[in-house]
Amino acid sequence: MLALSCVGSTSNWRSWSQTEHQEPRKTRKAAALKEWGALRRTIYAARYLADETYRRKIARQLNKGESLHALRRDLLYAHEGAIRRRRLEQQTEQAWCLTLVTNAVVTWTTEYYGLAVTEIRAQGRQVEDEILAHISPAHSENVNFFGTIAVDIEHELAKLDPSGYRPLRERNNASTSILV
């Protein structure tokens with residue numbers, strides 16, 4: 001390449017040596033990639049500012065993430081929101097336990113949301129799938145964090161329906177529902 005540059009007079013030795021010995025961050029390719037990244041961020045910001053529907057979509061996703069973090073904080077309440085183990089192995093174990101319990105609560109809530117929606121639709125009421133897409137199962141209103149729970153297993157098993165689910169609670173007539 002050097003010989004071709006010198007013979008073809010496309011550049012001189014000094015310009016070639018300067019570009020060849022520049023740091024990788026300062027090359028034209030790196031500068032182009034940096035400019036491309038800035039252009040992508042500008043396009044994103046313009047789209048975000050111009051499109052109210054897109055802003056709402058982003059806000060909903062952020063709210064879902066925040067509700068999941070709030071659930072995790074609520075579940076970690078017994079340790080006052082702190083990982084108190086000394087060794088990394090024990091800290092990792094505590095974090096995995098928190099993840100397991102969080103997943104169990106979200107799975108339980110999701111399953112029973114599905115049953116509730118099926119029940120509401122069976123009663124002839126309309127529930128839009130678009131509305132359901134905005135509901136997050138990551139909340140802790142259905143979790144008892146305090147005290148001991150005494151369970152009469154035989155009594156609870158007798159209450160299960162044929163598919164193995166507990167019956168849904170009756171709707172409180174005084175409360176309003178967003179699914180009306």
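Readers should treat all values here as calculations from the given coordinates under stated rules, not as data from a laboratory. What you see is a predicted model; the values in this text were computed from it and never measured. Positions of Cβ are backbone-derived with ideal geometry, glycine not excepted, and every protein chain shown enters the neighbour counts.
Karplus-derived 3J(HN,Hα) values for the range 98-109, using 6.51 cos²θ - 1.76 cosθ + 1.60 with θ = phi - 60°, are 4, 5, 4, 5, 4, 4, 5, 5, 5, 5, 4, 5 Hz; glycine and proline are entered as x. Note on HIS139/ALA31: beta-carbon distance plugged into 1/(1 + (r/R0)^6) with R0 of 45 Å gives a FRET efficiency of 0.40.
So, in Å, what gap is there between the alpha-carbon centers of the range 101-173 and the range 28-86? With the range 101-173 and the range 28-86 each reduced to a Cα centre, they are spaced 29 Å.
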